[in-house]
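Novice: One structure follows; several queries about it will come next.
The values are calculated or read from the model by the stated rules, or taken from the named source; none is laboratory data. Remember, predicted model here, so these are calculated numbers, not experimental data. Methodologically, a virtual Cβ is constructed for each residue, glycine included, from the backbone with ideal geometry; neighbour enumeration extends over all protein chains shown.
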Amino acid sequence: MSAIDPFDLLAMLVMAVTTLLTRAAGFWVMAHVPMTARLRGMLEALPGAVVAAIVLPLVARIGAPAALAVAAAVASMIARRNALLAIVVGVMVGALARNAGL
Amino acid sequence: MNATAERVAEPPYASRAGLVRGVRLAGASIPMMAVFGVAFGAMAAQKGLTLSATTLMSAAVFAGASQFVAVEIWSAPMTIEIVATLALITAAVNLRFVLMGASLRPWLGGLPAWQTYPALALMTDPGWLIATRYRAEGGGDAAVFLGGGLALWQAWIAGTLAGHVLGAMLSDAHRYGIDLVLPAFFVAILVPLWRGPRRAVAWAVAGAVALLVAALVPGWWFIVAGALAGSAAAGLLDERD
């Protein structure tokens, strides 16, 4: 095993601590302050907003194979509700499109 | 509150038998988690992360979605700016844990902190779902939550290791669409979050702002900008009714 770069280690530590805080914060906060409907609505919308903000620019950068992969993954997910299957279907469709020259 | 959905629940406690019960309830989610780990490990190998760094990340962070994004924006050499971006994006991707943790307060709130926080530290989407289902069926043993979390954690680490070894052997992963795993994975997460067109307005705002910022600002800030814009849009929409 090679030694880990100290900055890489810092990045991982920051990720680990941040994630730990998200895991503990909700449980801790609920003992002290009530959650407002507005705040709950904003927090609930955030995961989807993050996904959209990641996926759209990524698809725009990669092009047609990514657009087809995403469409196929959504279709599979709606049909079967199996995330793993949706990824496999999406990646296969995208890779086929790429190898076909799209 | 829906009175018919309410059942007589056991008072909260924690037992050794609950750990085993949690592992059993995790069941099919364990191989599933391992396979996700393989996909992550393979992607990390392709991006040039070492086996030790990748495995360490899986053990310490244990949050697949944020790890996939982190590997995507990982840079060599790592800079302070990227570390700051990673912190913000990790927080944004994992903010759903805040709500999941909050929902466990009524069940676990009465137990001592040493029985609750270790389990919370291992909380994932399937782990939370398993524990929530167990509680909804009237169970009270908090160790079920920890047992499921521990089993899923080990599956994630083992999968990551195997995936990295496999990924390092693939010479032209681009051909097999390894770069398509992240978008496919993320839209698969999005589908169960569908709550009708109102929620989708926030997603559209997030996507549009992200595209705009990506075109204008270098780096990965478009993710943070888009996510905040989408969340703010949801908050504004709430005010209308």
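Novice: Conditions: (1) in contact with a Leu (Cβ under 6 Å, 6 or more places away or on another chain); (2) more than 18 Å from B:PRO118 (Cα to Cα). A:ALA24 meets all but one. Number of the miss?
Specialist: So the condition that A:ALA24 fails would be (2).
Novice: In segment B:130-147, what residues are out of contact with any Ser or Thr (no Cβ under 8 Å at 6 or more places or on another chain) and within 19 Å of A:ARG23 (Cα to Cα)? Steps first, please.
Specialist: Initially, segment B:130-147 is screened for residues out of contact with any Ser or Thr (no Cβ under 8 Å at 6 or more places or on another chain), giving B:131, B:133-140, B:144-147.
B:ALA131, B:ARG133, B:ARG135, B:VAL144, B:PHE145, B:LEU146, B:GLY147, listed by residue number.
Novice: Is there a residue being out of contact with any strand residue (DSSP E or B) (no Cβ under 7 Å at 6 or more places or on another chain), surrounded by fewer than 13 Cβ atoms within 10 Å (Cβ to Cβ), farther than 30 Å from B:SER171 by Cα and touching a residue at least 40 places away in the same chain (Cβ under 8 Å) anywhere in segment B:62-81?
Specialist: For segment B:62-81, residues out of contact with any strand residue (DSSP E or B) (no Cβ under 7 Å at 6 or more places or on another chain), surrounded by fewer than 13 Cβ atoms within 10 Å (Cβ to Cβ), farther than 30 Å from B:SER171 by Cα and touching a residue at least 40 places away in the same chain (Cβ under 8 Å): present.
Novice: Conditions first: (1) surrounded by fewer than 17 Cβ atoms within 10 Å (Cβ to Cβ); (2) in contact (Cβ under 8 Å) with a residue 60 or more places away in the chain. B:HIS174 passes all but one, so which condition is the exception?
Specialist: Every listed condition holds for B:HIS174 apart from (2).
Novice: Let me ask something additional. Give segment B:47-106 a look and list any residue that's closer than 19 Å to B:ALA206 by Cα, among the β-branched types (Val, Ile, Thr) and at the interface with chain A (Cβ under 7 Å from one of its Cβ atoms), or say none.
Specialist: B:VAL69, B:THR90, B:VAL93
Novice: Identify the residue in segment B:25-46 that is more than 30 Å from A:PRO6 (Cα to Cα) and either without any contact (Cβ under 8 Å) to a residue 60 or more places away in the chain or within 12 Å of chain A (Cβ to nearest Cβ) (or both) and, among all such residues, is surrounded by the fewest Cβ atoms within 10 Å (Cβ to Cβ). Outline the logic, then answer.
Specialist: Filtering segment B:25-46 down to residues more than 30 Å from A:PRO6 (Cα to Cα) leaves B:25-32.
When the remaining residues are screened for being either without any contact (Cβ under 8 Å) to a residue 60 or more places away in the chain or within 12 Å of chain A (Cβ to nearest Cβ) (or both), the result is B:27-29, B:31-32.
On the way: B:GLY27: 13, B:ALA28: 8, B:SER29: 19, B:PRO31: 12, B:MET32: 18.
Ranking the candidates gives B:ALA28 first.
Novice: A further question follows. Restricting attention to segment B:95-119, which residues are among the hydrophobic types (A, V, I, L, M, F, W, C) and farther than 20 Å from A:ARG40 by Cα? Step through it out loud before you land on a result.
Specialist: Within segment B:95-119, the first condition is being among the hydrophobic types (A, V, I, L, M, F, W, C), and the residues that meet it are B:95, B:97-100, B:102, B:104, B:107-108, B:111, B:113-114, B:119.
Within segment B:95-119, B:LEU108, B:LEU111, B:ALA113, B:TRP114, B:ALA119 meet the criteria.
Novice: Also, quick follow-up: Identify, from the list A:PRO65, A:PRO47, the residue that is at the interface with chain B (Cβ under 8 Å from one of its Cβ atoms), in a helix (DSSP H, G or I) and touching a residue at least 12 places away in the same chain (Cβ under 8 Å).
Specialist: On the way: A:PRO47 fails: touching a residue at least 12 places away in the same chain (Cβ under 8 Å).
One residue alone meets the criteria, A:PRO65.
Novice: Exactly one condition in (1) surrounded by fewer than 22 Cβ atoms within 10 Å (Cβ to Cβ); (2) modelled with pLDDT under 95; (3) under 27 Å from A:LEU21 (Cβ atoms) is false for B:ALA59; which is it?
Specialist: Looking at each condition in turn, B:ALA59 falls short on (2).
Novice: Given the options A:LEU13, A:LEU56, A:LEU39, name the one that is assigned to a helix (DSSP H, G or I), more than 7 Å from chain B (Cβ to nearest Cβ) and modelled with pLDDT of 85 or more.
Specialist: None of the others qualify; the one that does is A:LEU13.
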